[in-house]
């Protein structure tokens, strides 16, 4: 073979061998994870991605990560009026997603059969997928079928504009956004601590919103019940919003018990400051649904209520009830299971059924009515008794409105009646 | 005495043999005259020995024809390698933008690029145009770096590309060596990455196969007659780094000898 021919052959060979890594799952990768001895710091740790199909694009049976997307949510978008405004979930998502983005191209260096991310975003992406996988496994473990969870879209660092808030893209947030049926990991700007999607607890919190939306709201982009009650019964909307946040905090805590670091009620501290973490720490005894909070819940409209962050305060008190009712990881897992079973339970009347029944009778729905559904799904009599005690003491609940509350339940101490 | 005699006899015998053979062949190859064609007989004047009578002087030699422009250029090109005072080597520094493959799915991830290269007009080893004037090869190093993240968790990545790449130039100005070129080659990419979390850095490094191809424009006007040339170029080079694609938009300047 002549020299030029050899050169071209080498070039072709180089192109041929320059293939992306395509190992079969489970794939050994390095991710930023809190290990048992890491004192709360996210450090490079070898983990196994059990569900990933393509480690470069980070697509698998749990999540599909998408970069470079543009999502513009404008209620005045004329496309929303197509077909008389009767759009299904997929069509609504297509209206808002102006640029569907591209697959990530995660950069790796392989060492001893382990894929090492080779730049910051690759670390962030791999860890994000790992955290979604962990959240998925938690919810599977507490009884949510994989088919319900499905493959979720995760828009990584999209340009996300909410026209109602302004024309500028939003930053510093991670959220599940039901109108596009997807998660969004927004770019960081002011937040300079642990990026939100590296924080396993925050991803589990957001994943809980997906489970709530799928099971309680039937996977609706704009849940009917919220639309119907927004005009007539804002208190119920405030209750649902508060429950959604509180349950997400509790599930995130319960999921943390599966990690090497262990159960952690302060998982937010890696990404936020101490004061913000304290406010959401469900282990604190002073998290109570006070008379002032109840008054706000009943009197404020949803925008003002959430604008003041009161849905987090009510939610934290509710999640604190769940935390204090349990006495260890096993019971917290049991509670997590009972909660997701109560989201939708057919003839046994879960929360979804309760909402559907009272679509036209919002006055029959209440915080106690929702808590009663949860209590009814706790199989352990002792645990139910303790949980009801927490609802009575911490949430200042009306026992008469909770028939599932065992008679032996005594109001938990620590909160003013 | 016997030896010279023998040699003389041998030479005579050979001459006789040769003459006899020649006569025989002449007779065999002689044209057969047309018996009924009077013009077949040669009527040109002859001397008394029978030989043809030649003119007293020959025709004047024609004027020496001058070379055409094309012939002059072609000759100059053909001989250019003989008296070219240049060595055919050069060195350049490179700067520009390295548009890295975006891990986060954006179109590109831009980084500042630096580099250096030496080049050799390797075509001079070949005997004839156009290859001896158009072929050159670069030995190059290109460097880019990225750093991103939050104050608590951030990463830095360094990219070093080492390549050997032959190129073929299409000249647009022979004197100043302006021309467009096509290039393809290969080498290795050395990649270093570090991730820092809570003040603790973890690093990893590795090599990947590298394939490159691209186009550019370059020139080499003389700074002094027969001396150093200014060497410059602008280029678009695509790197295939493992399974990732990077693009270099760069300008170079240097000297050629």
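Tabulated data
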quantity	calculated
Residue in the range A:174-188 that is part of a loop (DSSP other than H, G, I, E, B), within 14 Å of chain B (Cβ to nearest Cβ), under 16 Å from the mean Cα position of the chain (by Cα) and under 19 Å from residue A:58 (Cβ atoms) present	yes
Positions within the range A:86-141 being without any contact (Cβ under 8 Å) to a residue 60 or more places away in the chain, within 7 Å of chain B (Cβ to nearest Cβ) and part of a helix (DSSP H, G or I), in sequence order	A:120, A:121, A:122
One residue from A:413, A:385 being over 26 Å from residue A:135 (Cα atoms) and modelled with pLDDT under 95	A:413
Test: residue in the range A:337-349 that is over 24 Å from the mean Cα position of the chain (by Cα) and at negative phi	yes
The range A:225-262, subset under 20 Å from residue A:131 (Cβ atoms) and more than 17 Å from the chain's Cα centre (by Cα), residue modelled with the lowest pLDDT	A:260
Tally of residues being out of contact with any helix residue (DSSP H, G or I) (no Cβ under 9 Å at 6 or more places or on another chain) and surrounded by fewer than 19 Cβ atoms within 10 Å (Cβ to Cβ) across the range A:49-58	2
Only one of A:28, A:43 that is more than 11 Å from every other protein chain (Cβ to nearest Cβ) and part of a strand (DSSP E or B)	A:28
Per-region count, the range B:202-254, residues surrounded by 20 or more Cβ atoms within 10 Å (Cβ to Cβ), touching a residue at least 40 places away in the same chain (Cβ under 8 Å) and either touching a helix residue (DSSP H, G or I) at 6+ places or on another chain (Cβ under 7 Å) or not in a strand (DSSP E or B) (or both)	2
Flag if residue A:65 is in a helix (DSSP H, G or I), crowded, with 24+ Cβ neighbours inside 10 Å and within 10 Å of chain B (Cβ to nearest Cβ)	no
Condition met for residue A:199 (within 14 Å of chain B (Cβ to nearest Cβ) and more than 16 Å from the chain's Cα centre (by Cα))	no
Some residue of the range A:298-314 being farther than 21 Å from residue A:241 by Cβ and modelled with pLDDT of 95 or more	no
Given (1) surrounded by fewer than 21 Cβ atoms within 10 Å (Cβ to Cβ); (2) out of contact with any strand residue (DSSP E or B) (no Cβ under 6 Å at 6 or more places or on another chain); (3) under 30 Å from residue A:147 (Cβ atoms), number of the condition residue A:99 does not satisfy	(2)
Criterion violated by residue A:164 - all others in (1) surrounded by fewer than 16 Cβ atoms within 10 Å (Cβ to Cβ); (2) within 13 Å of chain B (Cβ to nearest Cβ) satisfied	(2)
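The values are calculated or read from the model by the stated rules, or taken from the named source; none is laboratory data. Please read these numbers as outputs of a predicted model, since none were measured by experiment. Please note: Cβ atoms are built from the backbone with ideal geometry, for glycine as well, and neighbour counts cover all protein chains shown.
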